[in-house]
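What follows is a single structure, written as C-alpha cells, with notes after it.
Computed from the coordinates by the stated procedures, all read-outs in this text should not be read as laboratory data. Quantities reported herein were computed from a predicted structural model and do not represent experimental measurements. All Cβ positions, even for glycine, are placed from backbone atoms using ideal geometry, and neighbour counts span all protein chains on display.
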Amino acid sequence: MNDDFTGNARHSRLAQFHIDTPLLLGLLALIGFGLMVLYSASGQSIVMMERQIVRLGIALAVMIAFAQIKPQTLKRWSFPLFLVGVALLVAVMLVGSVGKGAQRWLDLGFMMFQPSEIMKLAVPMAVAWFIASHSLPPRILHLLGGVLMCAVPTLLIAQQPDLGTSILIATAGVFVLFLSGMSWRLIAFVAGLISAFLPILWLFLMREYQRQRVLTFLNPESDPLGSGYHIIQSKIAIGSGGFDGKGWLHGTQSQLEFLPERHTDFIFAVLSEEFGMLGVLILLAIYLFIIVRCMIISSRAQDNYSKLVAGSFTLTFFVYVFVNIGMVSGLLPVVGVPLPLVSFGGTSMVTLMAAFGVIMSVGTHKRMLAAP
Amino acid sequence: MFKKRVAIQDFAAESRLFNQRAVFAILFVVLMFSVIVFNQYQLQIVSYQDYQTRSEGNRIKVVPLAPNRGLIYDRSGILLAENRPVFSLELIPEQINDMAGTLAELATLIEFTAEQQDAFLKQVRAQRRFNSITLKEQLDDQEVAILAANQHRFPGVTVEARLSRHYPFGDLFTHALGYIGKINTRELQQLELDGEAANYAASRDIGKIGLERFYQRELHGTMGYQEVEVNNRGRLIRVLRSVPAVSGQNIQLGIDVGLQLTAQQILKQHRGAIVAIDPRDGAVLAFYSNPSYDPNLFVHGISSANYNELLNSRDRPLINRVTQGVYPPASTIKPHLALLGLESRTITTSTKIWDPGYYTLPNSDHRFRDHIRWGHGWVDIYTAITKSCDTFFYDMGIKLGIDRISEYMHKMGFGEKTGIDILEESSANMPSRGWKRARHNQPWYPGDTVPLSIGQSYWTTTPLQLAVATTPLLNRGKLVTPHMVTAFNNGEITAANILPPRQVLEVENEQNYAVVMDTMHQTVSTLGGTAHRAFIGAQYSSAGKTGTAQLAAIAQDAKYNADAIDERLRDNAMYLGYAPYDKPTILVVVALENAGGGGSNAAPLARQLMDYYFTAGVNRDE
C-alpha cells in the first residue's frame, strides 16, 4: 500500500477498509449535528433517537459494505441492477401496497420495500455504464440512449405517484450526461425542451394535490390555515430564529408544535429556529465540505464510469439538500424530500449512505488499479 | 458518424472535460448555497422582527378572565342574588373534524334537545371557529361524570365550570332585581358604542331588566386576563402573566326580605302591586308585583314554551305593576288636591258645601255622582277626606281649574317618572289642556275636570309614583327620589346614586301640611273614616287615604253592581298610607286590580304590611 498519507496509522488503517477519512469526518459531523437537532425536533423523544441511531448504524454499515466493492464490479452489475429495478417498478405498479394515496411500496413479507430507492442508484450507474462504454463527450445517439434509460423509471415512478423521487432520479441520470461533457448547445436545447414540457406536466402528469402545492408555494398566504400553513409556520420558525437562534430545545415554533412535520421534512426549520443563521451557515459549510470532497474524489477517479457515477451521486446529494432547504424556506414548492442525514427517515438514508459507499470505493480503489 | 466510434479514447482530454464540468458544478453548488444564505439572511436578519412578532403571536394567547358579578343583599344582609358554579358542555369547532358525527356520539351519552342543538349550530356559524360554544347548560353531576369518563373520545369537547347567577328567593324579587341573560347582538352593539365591549370579552351575561340592568356597570366589574403560552392545538402550556379580574361591586338594598315576603303573601289572591318606601329619603322597603315569575328561568335562556306562557298569560306576569302598572289613583289623590285648594285659598278649613249625592255643572243636567247616592250633607275638608266625599272635590276641582291642578300635581311628581333605579318605569299621565289637544285633538272641557278631581278619567299613576308624589305632603314640600340600592360594597355609599329630597313646593302657609296630614290621620283614626275599620287595634298610629277606581262606565241612572259586571272591569282598590302619622317612616301604596272598594280590600293589606314593619323592627332608626 503506497499510501500518500503514510505516517498516520489511523488513516492508513481506515484506507485499508476503503474509507475516505475526510469524507467520513464530514459525514459524522453532519450526523452529529443532525442528531442534536433531531433530539429537539422529536420533542426529546428517546425512542425516536434510538430508532434513528440504529438506522444510521445500518446505513453506515451499508456504506462501508459498498465501499468494499470495486468500481469494476459495480460497473458490471450496473445494467442488470437497472433492469431488476425496472422490473420491480413494474411489479409495484401491478401488486404494490398503497400508502398515503400512493402506490410506492412492495411488500416482501418481512419488510416493506420501495424499489424507487434502488433506482436512485441504479439509474445514474446504468447511464454512466452506457455513456462510459464510449468515448467522451458522448454522441447524440448515446445521449438519447441515456435519456431513454432515465425516462423509463422516471415515468414509472411519476405515475405512483411520487413526483419528487422521479424528478430526483431523472436529475441523477441527467447529471451523468452533463458531467460526461454533452455540449452546452445541447444543454440549452434540452432546457428549452423541458420548459416546453412543463405545461404538459402540469396538465396531464401532476395530480391535484401536487398542483395545489405549487399554487400554495406561489402564494402561501392565500390559505394560511390550509395548505399554506406548513410554509407559513416554517418561515415564521426560520425568521424568528434570528442570527443566533432561540437556543437548543427552546424553539417555540417547534417545541409547541406549530411547525408541522418538524422531525422529518421540516427539520431544517427547527435548526434555523434554534440555532439561527449561525447554525445554518455551519450546516451549509458541512454540506459544502462533503460535496467538494466528493467532487475531488470524482475528478481523481481513474476511469470515466467511476467519475460519472461519483459525480452524479454528489450532485444528486446537493439537489436533495437544496430542494429540502429551498422548500422549507419558501424558495421552492413543498415536495416530500428529507434533509439528507438530518431528517428522521428510513430507506432514503440507507440509499444515500450506499451512494457515499460507492464514492468511497471510487476514491480508495483507484490506486490499486493504477499500480500494477 | 458511427465510423468514428472506434476512435481511440483520449484520456487526458476526457479527464480535462470532466474536470471542467466538475468545477462548473462546484461553482453552481456554491451559487445555489449563496441563494440559500441570501434567503436566510432575508428571513432571519432583515425580517427578523416581523417573524419574531408572528412567532410570539402564535405562541402567546391572551385569555380574558371574567369578573365575578357583584352580589345583591337585602337591608339586613340576606343574599338575594348569588353566583353558583354550574357545569356546561362546550365544543370548540376548530378542534372538531366531524361535527355531525361528534354530536351524534354525544347524543348517545347526554340528552340534549333538538332545540339546543339548533341553537348551538347557529352559534357555530356565527362565531369564530376557535371560540368555545355551549351545547348544553346546567349539567347534572351524573352528566359531568359521564363526560369526564369519555373525555378522550371527544377532542374539542369540554365541560366548563363557571359561575352562574342564581336568585334564591325565586319569584319574590323578580320585578325589583330583574335578571341577567346572554348578551345579545343589540346589547353587544351598545357595549361597543359605549366603549365597554373590551371589558366584556370574557362575559356572557348582562342585566336584562330591573336592578341587574340598571346597575350592570357596577355589578359587572373589570375583566382580568392571562397571557398564556399555547401549543398548536391551543392547549395551555403555561401562564406567562396574569392580571386578576376585579369583581363587581356588591350592592345592598333597602328592601327587607321579611317585609317583601309579607307583601307577597298578602297579595297572593290579587293581581296588583305593593310598594313601601321610607318617605324621608325614598329608600324602597318593599316592592312586589303580583303575579310574578321565577327569574332563574331566564338566566340560562328560557325555553320558548315557558316564555310564551309568561308572555301570553292573561294575568301579564311580565309587567312590573309597581312601576309600569298604570292605574287611576281615584280618591287617594284627594289629600294632594286638598293642599292645592288650601294653598290657593280656593277653600279654607271652614269651607263647607252641601252634597246632595251628586254634582252638576252650571247650565248642565249631567249628574256627577258621589259614591254615596244620598250624599254626605254638609261637608268640610275633613269630612271630604275622611269619608271621601266626591262632590266636595268636584266643586273644588272646577274652582281650581285644570291648569292649576295640572301644574301643581306635576310639581308633586304626578305624570313624571320617579327616577327610581330601574328602567322599566311608566310616567303614567297627569293630563293638561296641551296634552288633550295633542293626544285627542280636542279642547279641555270643564266636564273633564270634574272626574279628574277624584283621580279618575285621564289621570293615571303607577303605585310607586303615587307613593313618591305623596312625600311632598309629608316632607313639607320636599320630593324624594326613590331608590332600591342604599349602599355599595358593604356600606361604602356612592352619593351619586342617592339624590337628596328636592324642594318642589313653596308653601305659603306651613299649617296647610298639618291640615292635610291631619285629615289623612282622621281617615284612619276616627269612626266612620274610610280606613278606620282596617286599622282597628293597630299598635301604631297611621294615616292614609282609600281609593276605589271605577273602570266601567255606569249609566246615569244605573246602580253599580259588582256581581253583574265582568270581573276584569270591577273596581280597582287603592290604598295610600303612612305611619307613624306624626313622624312617618314608612309610606305604603297598595293597588289591587278588580278587587272592589279600597277601604275594605286594599287598606287591610296595608295594615298587615305595617304590622309586620313595626313588630319585626324593620325600621332600625326608631
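Think of chain B as having a plus end and a minus end, set by charges on the Cβ of Lys, Arg, Asp and Glu; of B:Leu163, B:Gln265, B:Gly596, B:Leu163 sits farthest toward the positive end of this dipole. Sorting B:326-337, B:349-360, B:187-198 by their mean Cβ neighbour count within 10 Å, with the most densely packed peptide first, gives B:326-337, B:349-360, B:187-198. Charge dipole (Cα centre; +1 on Lys/Arg Cβ, -1 on Asp/Glu Cβ; no other charges) of the protein assembly as shown amounts to roughly 4220 debye.
P(r) tail for region A:75-206: Cα pairs beyond 25 Å make up 29% of the total. Across region A:152-158, computed HN-Hα scalar couplings (Karplus, 6.51 cos²θ - 1.76 cosθ + 1.60, θ = phi - 60°) run 4, x, 4, 5, 4, 6, 4 Hz from first to last residue, x flagging Gly and Pro.
If R₀ is 56 angstrom, what is the calculated FRET efficiency for the pair B:Arg16 and A:Ala87, using the beta carbon separation as r and rounding to 0.05? The formula returns an efficiency of 0.90 here. Springs between Cα atoms under 10 Å define the GNM used for chain A, and in it the highest mean-square fluctuation of A:Ala132, A:Ala15, A:Ala269 occurs at A:Ala15. Counting Cβ atoms of other protein chains within 10 Å of each Cβ in A:239-251 and taking the mean gives 4.
Taking amide H as placed 1.01 Å from N in the peptide plane, the amide H of B:Gln226 sits under 5 Å from that of B:Val63, B:Leu65, B:Val243, each at least 5 places away or on another chain. Screening chain B for DSSP H helices whose Cα atoms reach 27 Å or more along their own axis and whose mean Kyte hydropathy is at least 0.5 gives B:11-40. Rounded to whole Å, the principal axis extents of the Cα atoms in region A:265-313 read 44, 20, 7, largest first.
The share of alpha-carbon pairs in chain A lying farther apart than 40 Å comes to 14%. Tell me, how many Å apart are the Cα centres for region B:467-487 and for region A:64-95? Spelled out, the Cα-based centre of one part sits 105 Å from the other. Distances between placed amide hydrogens fall under 5 Å for B:Phe287 paired with B:Ala276, all partners being 5 or more residues away or on another chain.
Using 18 Å as the cut-off for backbone N distance, which residues of region B:207-243 belong to the label zone defined by a point 7 Å from the Cα of B:Leu65 along Cα→Cβ? Taking a point 7 Å out along Cα→Cβ of B:Leu65, the residues of region B:207-243 whose backbone N falls under 18 Å are B:220-230, B:236-243. Residue by residue, region A:135-148 carries 3J(HN,Hα) couplings of 6, 9, x, x, 7, 4, 5, 5, 4, 4, x, x, 4, 4 Hz when phi is fed to the Karplus relation 6.51 cos²θ - 1.76 cosθ + 1.60 (θ = phi - 60°); x denotes Gly or Pro. The simple spin-label model puts a point 7 Å past each Cα toward its Cβ; for B:Glu192 and A:Ser183 those points are separated by 7.2 nm.
Pull out a ≥ b ≥ c, the square roots of the eigenvalues of the alpha-carbon gyration tensor of region B:179-235, then state rounded if a/c is under 1.5, prolate if not and a/b is larger than b/c, and oblate in the remaining case. Judged from the Cα gyration tensor, region B:179-235 comes out prolate (a/c at least 1.5, a/b above b/c).
Remark: mean inter-chain Cβ contacts per residue of A:298-306 equal 3, using a 10 Å Cβ-Cβ cutoff to other protein chain atoms. Across region A:75-206, the mean sequence separation of Cα contacts (distance under 8 Å, 6 or more residues apart), normalised by length, yields a relative contact order of 24 percent.
Given 4 °C and 1.567 mPa s, compute D for chain B with the Stokes-Einstein relation, Rh being the Kirkwood radius over Cα pairs; round to the nearest whole µm²/s. The calculation lands on 44 µm²/s. Computed 3J(HN,Hα) for region B:362-372, one whole-Hz value per residue from the Karplus formula 6.51 cos²θ - 1.76 cosθ + 1.60 where θ = phi - 60°, is x, 6, 8, 10, 6, 9, 8, 6, 8, 6, 9, glycine and proline marked x. Relative to the current alpha-carbon distance between B:Ser303 and B:Glu56, full extension at 0.36 nm per residue lengthens the span by 84.6 nm. Protection proxy ranking, highest mean first, for peptides B:455-467, A:240-252: B:455-467, A:240-252, where packing is the per-residue count of other beta-carbon atoms within 10 Å, averaged.
With neighbour counts taken as other beta-carbon atoms within 10 Å, the residues B:Phe33, B:Phe535, B:Phe11, A:Phe289 rank, fewest first, as B:Phe11, A:Phe289, B:Phe33, B:Phe535.
Only Cα pairs under 8 Å and at least 6 apart count here; give the relative contact order of region B:62-253 as a rounded whole percent. Relative contact order of region B:62-253: 35 percent.
Comparing A:Ser133, A:Ser298, A:Ser40 in a Gaussian network model of chain A (Cα springs below 10 Å), the most mobile by mean-square fluctuation is A:Ser133. The distance linking region B:197-246 with region B:9-63 is 48 Å (Cα centroid to Cα centroid, whole angstrom).
Close amide H contacts of B:Gly272 (hydrogens built in the peptide plane, cut-off under 5 Å, sequence separation of 5 or more or a different chain): B:Asn290, B:Glu593.
Sorting B:166-177, B:511-522, A:74-85 by their mean Cβ neighbour count within 10 Å, with the most densely packed peptide first, gives B:166-177, B:511-522, A:74-85. With the helix formula -39500 (n - 2.57) applied to DSSP H stretches of n ≥ 4, chain B reaches a computed 222 nm mean residue ellipticity of -10000 deg cm²/dmol.
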